Amino acid sequence: MSVAVDASTQAKEQTTKDLSVQAESKISFAPGVEPTKEELDRVCTQWNQHLGEILFSESAIQQKVKEMAAQISKDYAAILKPDEVLVCVPVLKGAFVFAADLLRHLTIPYEIDFLNVSSYGAGTETSGEVTLLSPLRTPLKGRHVLLIEDLMDTGLTLAWADKYLKAQEPASLRLGVLLHKHGRARVNMTLDYFGFHCPNKFVIGYGMDYAQQYRCLPYVCVLKPSGYAKKAE
Ligand code: IMP
Ligand code: MG
């Protein structure tokens, strides 16, 4: 599934209270579910007291990741020549969990290099400025490249990464993103492979952090207000 995220369309839709980002479809979000005792018991007590509703369960994520991997494998099987290998570029740090699961389901040849950028600092709002923390080591000229990101919020990180990678003249560049946060895009992007629309809430888990914590929760949930107040011990 691919989706075009158009910032200007979104703005218009927001003012008319139309929540869709795709002109042709309305988006409704299933209510979140409180974590079960079993789910809380898998997590340290310093964290589990601050975990709010689960928006995307472990099983829903795993199912979606398999579907995305199947589509990616099918598409690139038709694109890659016999001697070509896909270059997968997860954006650190957030995409490392998603990428680890996604890539293990691929049935095409690939290699991995990481794009290490920072745009958030320790808060819950993007600084709007993307900093390259370390450059890619793989030459991309003439290669097929798949950029992998956990979540598109304003889209500034993806737009920056897209420009950075395209400057290296890859044969093709596609974007694979697990979550798209609704109503937040500031730039127009086409997500070639896309998992779920996410409500406009700050989320943690499955790679995503608050102040560098909570990244390895197996599901995506919201952080309770107590988590912000105490910044998780
Ligand atoms: P953008 O540049 O505003 O699209 O922000 C995208 C980056 O910020 C992603 O790489 C995410 O890892 C991170 N991010 C955005 N929203 C959240 C969130 O709700 N929780 C945790 N990280 C987030
Ligand atoms: Mg990230």
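The values are calculated or read from the model by the stated rules, or taken from the named source; none is laboratory data. The structure displayed is predicted, hence computed values, not measured ones. Backbone-built Cβ (ideal geometry, glycine too); neighbour counts: all protein chains shown. These accessible areas exclude ligands, DNA and RNA; they are computed on the full protein's heavy atoms, side chains included. Shrake-Rupley method; radii C 1.70, N 1.55, O 1.52, S 1.80 Å.
Pick out, in residue order, every one of the GluC sites (Glu not before Pro) in the stretch 125-225 that is DSSP loop and has at most 11 other C-beta atoms within 10 Å; say none if there are none. Write out the running numbers ahead of the final one.
Details: sites: Glu125, Glu129, Glu149; in loops: Glu125, Glu129.
For GluC sites (Glu not before Pro) across the stretch 125-225 that sit outside H, G, I, E and B with at most 11 neighbouring Cβ atoms in 10 Å, the list reads Glu125, Glu129.
At Glu53 and Lys66, where each label point lies 7 Å from the Cα along Cα→Cβ, what is the point-to-point distance in nanometres? Here the answer is 2.7 nm between the modelled labels.
Computed from backbone phi, the HN-Hα couplings of the stretch 200-214 come to 6, 9, 6, 10, 9, x, 6, x, 8, 10, 10, 6, 6, 10, 6 Hz, rounded to whole numbers (Karplus: 6.51 cos²θ - 1.76 cosθ + 1.60, θ = phi - 60°; Gly and Pro given as x). Between Lys141 and Lys224, residue separation times 0.36 nm minus the direct Cα-Cα distance comes to 25.4 nm.
In whole Å, what is the distance between the alpha-carbon centres of the stretch 135-185 and the stretch 45-104? Distance between centres, Cα-based: 14 Å. These residues, Cys88, Cys44, Cys216, go from largest to smallest accessible area, 1.4 Å probe, as Cys216, Cys44, Cys88.
Computed about its Cα centre, the charge dipole of the stretch 93-195 is approximately 160 debye, with only Lys, Arg, Asp and Glu carrying charge at their Cβ. Heavy-atom accessible area, probed at 1.4 angstrom with all protein chains present, ranks Thr157, Thr190 as Thr190, Thr157, highest first.
A cut-off of 5 Å between modelled amide H atoms, ignoring neighbours fewer than 5 places along the same chain, links Gly195 with Val177, Leu178, Leu179. Please give the residues of the stretch 33-71, grouped as numeric ranges, whose backbone N is less than 20 Å from a label point set 7 Å along the Cα-to-Cβ vector of Ala211. Flagged as within label range: 43-53.
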